[in-house]
1. Calculate the spin-label point distance for Thr316 paired with Thr51, positioning each point 7 Å from the Cα along the beta-carbon direction, and give it in nanometres.
2. By average Cβ neighbour count within 10 Å, what is the ranking of 412-421, 162-171, 425-434 from highest down?
3. Note the full-extension length gain between Gln245 and Val433 as 0.36 nm times their separation in residues minus their Cα-Cα distance, in nm to one decimal.
4. Please compute the net charge surrounding Val321, taking Lys and Arg as +1 and Asp and Glu as -1 over other residues with Cβ under 15 Å from its Cβ.
5. For Leu15 and Leu346, calculate 0.36 nm times their separation in residues minus their Cα-Cα distance, and state this gained length in nm to one decimal.
6. In Å, the Kirkwood hydrodynamic radius of the stretch 326-413 over pairs of distinct alpha carbons?
7. Subtracting the Cα-Cα distance from 0.36 nm times the residue separation, let me have the gained length for Lys38 to Leu365 in nm, one decimal.
8. When the Karplus curve 6.51 cos²θ - 1.76 cosθ + 1.60 is applied with θ = phi - 60°, which whole-Hz ³J(HN,Hα) does each residue of the stretch 156-169 get, with x for Gly and Pro?
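Rule-based calculations on the coordinates, nothing more; no lab input. Since we're looking at a predicted model, the values are computed, not measured. Every residue, glycine among them, receives a Cβ derived from its backbone with ideal geometry; neighbour counts consider all protein chains shown.
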Amino acid sequence: MEKTMRAVRCHRFALVEEEEDVEKGVQKDHQRQRKSFKSRSVPLRLRDCLTLDTVPLPNEYYFNNRHDDETKSESSESNNTKVLIRTEYAGIQYPDALQAQGLYQVKPALPYIPGMDVVGVVVKVIHPSSGQANNYNGNSNSNNNNMILLRPGDRVLATMLESGGTGGMSQFVVVPLKFVYKLPENIITSSSSSSSLAAAAAAFANVGRNYFAAYHSLVEVGRINIRTNNDNDSNNDNNIKKQKQKIVLVTGASGGVGMATIELAKAMGCTVIAGVGSTDKRNGPNSVGADAVFCYGRSKNERRDFRKQVLQFCHTTTTSVGVDLVVDVVMGDLFEEALIGCVKPLGTIALVGFAAGQRKIRPGLLLVKEVRVAGSIWGRIANEATEQQGENNKYRTMVETILGYFANGKINPRVDRIVPLSKFIDAFEVFEVNKGKGNTVV
């Protein structure tokens, strides 16, 4: 039996390297070593750091009918069921390239396997107390969308949260059940003219990186109401009419999170303004339904003109004095020179990333403008999730809402770039040179 698999691994960070600081410990003469990083004197390219390797299969691959650990309690079993998945597609986005460069807020231990989102086929479902690998015979508390049972052969999307958002770029992955969701076949078959279900499923290989981040910024931070799936409901129509006055501004709008934010905000009934760094990036936001696309460029004058365009659009479209919510993945000088001035009083800026670098935030400016600023990291609600359903399971609500929008056609599945595994480095290099657009999948 084959005991190895292929996986992409990062062996060193491209732009930083480890150094060791020696600090005196609490006890006399005791020393401990703490890892820190410094910029490389000679930066490396990502192709010098990432390789396609042969690695051992996960232990769970060999589980059959028995498991040596018979001591776990029944209560622990309910939240420790694992799913072994044969990976078909792994999503790659800007954070994956940043992480391999050593510039991301999380630096995994080297070597590590990149990739947070995967789409693949269930090989087996493993229950912890028995170690049995078979169908998931969950009860009414199952956290699998609408209690749909998982069986070998089911096509699913999974998020590698348990391993810190890494591990997806390998032929097999093991994921907690609560982070695995079955893709309804009507989504897959209706999303592609190809006869290959696997190819159609590729569109979902960046749901976590893109749509979860967008949803959390809109709903949890921005307090945008979720539009229900029943278009014939009169109460829902009234809510939508009220929410159409909500204006959302999205920066980095041609990227993965940016385009996903546009799609979700439109599905929720909002008016959406897309901001891009150059005019050649307008097509992406337009293709997914942005109501207006403006360019903030690279100079102070361009950023000021951008602010004026946004405010003029708000005034002529809804008579609003500014946007209700900014979903910002850029920051840099754009944040103070344009974005704060685009927000109406008591509006919100959701910080998702810092593609143009971090800047100090002046509290006095926020005070005068009456602007709220909040960080937006969806991983918290995922880590709080369990396999049980309930009103407080925000992660489940998020996933099922997003899949619902795909299922009812409010969002059309799309793949902007598919890269074969043998050329995986091409996917990373797109983001290394800041040319990434939309949904990139390996």
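1. 5.8 nm
2. 162-171, 425-434, 412-421
3. Extending this stretch completely gives an extra 63.9 nm.
4. Result for the local shell: +3.
5. The Leu15-Leu346 span can extend by a further 115.2 nm.
6. Taking the inverse mean of 1/r over all distinct Cα pairs, the stretch 326-413 comes out at 15.4 Å.
7. Between Lys38 and Leu365, full extension yields 114.4 nm more.
8. 3J(HN,Hα) across the stretch 156-169, in whole Hz: 9, 10, 9, 10, 8, 6, 4, 9, x, x, 10, x, x, 8.
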